[in-house]
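Just below is one structure, and these are the notes that go with it.
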Amino acid sequence: MPFGVFVMTQHILIVDDNPDNRQLVAWILEDEGYKFTCSASAEDGLALLEKHKYDMVLMDISLPGMDGKQATQLIRKNVKFGQIPILALTAHAIMAEEAAIMASGVNAVITKPLDEALLLATIAKYLK
Ligand SMILES: [Mg+2]
């Protein structure tokens with residue numbers, strides 16, 4: 001590594017109940033050199049956020065138990081998490097639903113099936 005260059009690996013939390021979706025996002029992030037952790041539920045994701053430092057959350061909206069909107073609201077209410085960027089990943093494409101998702105406190109909504117280039121550009125935009 002050249003002197004004076006410090007590469008801080010960004011750590012992204014993936015919350016998605018669908019294993020295929022988790023794997024796809026994991027591959028995309030891995031290719032870009034991001035560190036990531038996967039969680040299959042909002043409850044597990046929130047527990048991980050309490051214990052570890054992440055730079056961003058990729059939040060599926062349709063989840064068993066607590067959904068991604070509720071989880072986002074809880075994260076936004078907790079000052080400890082600051083303004084961690086949260087990107088919603090959802091198959092819900094209708095505008096009314098997108099407005100409701102944005103209102104929960106996410107920074108952006110990305111629709112599935114995922115456009116890899118759009119996902120990476122949006123991640124780069126919101127990572128500090
Ligand atoms: Mg889901």
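The values are calculated or read from the model by the stated rules, or taken from the named source; none is laboratory data. If you're wondering where the values come from, they're calculated on a predicted model, not measured in any experiment. Methodologically, a virtual Cβ is constructed for each residue, glycine included, from the backbone with ideal geometry; neighbour enumeration extends over all protein chains shown.
Annotations for the structure displayed:
- Just so you know, in segment 65-93 the residues that are more than 14 Å from the chain's Cα centre (by Cα) and assigned to a loop (DSSP other than H, G, I, E, B) include one that is surrounded by the fewest Cβ atoms within 10 Å (Cβ to Cβ), and it is Gly82.
- Taking the criterion of being assigned to a helix (DSSP H, G or I), modelled with pLDDT of 95 or more and more than 15 Å from Val15 (Cβ to Cβ), the residues of segment 97-128 that qualify are Met102, Ala103, Glu116, Ala117, Leu118, Leu120, Ala121, Thr122, Ala124, Lys125, Tyr126.
- Among the residues of segment 109-128, those that are more than 19 Å from Tyr34 (Cα to Cα) and touching a Ser or Thr at 6+ places or on another chain (Cβ under 7 Å) comprise Val109, Thr111, Lys112.
- Among the residues of segment 32-52, those identified as closer than 22 Å to Pro64 by Cβ and in a strand (DSSP E or B) are Phe36, Thr37, Cys38, Ser39.
- Of all residues in segment 10-31 being in a strand (DSSP E or B) and more than 16 Å from the ligand (Cβ to nearest atom), the one that is surrounded by the most Cβ atoms within 10 Å (Cβ to Cβ): Ile12
- Scanning segment 81-108 for residues that are closer than 20 Å to Ser41 by Cβ and more than 12 Å from the ligand (Cβ to nearest atom) returns Phe81, Ile84, Ile86, Leu87, Ile101, Ser104, Gly105, Val106.
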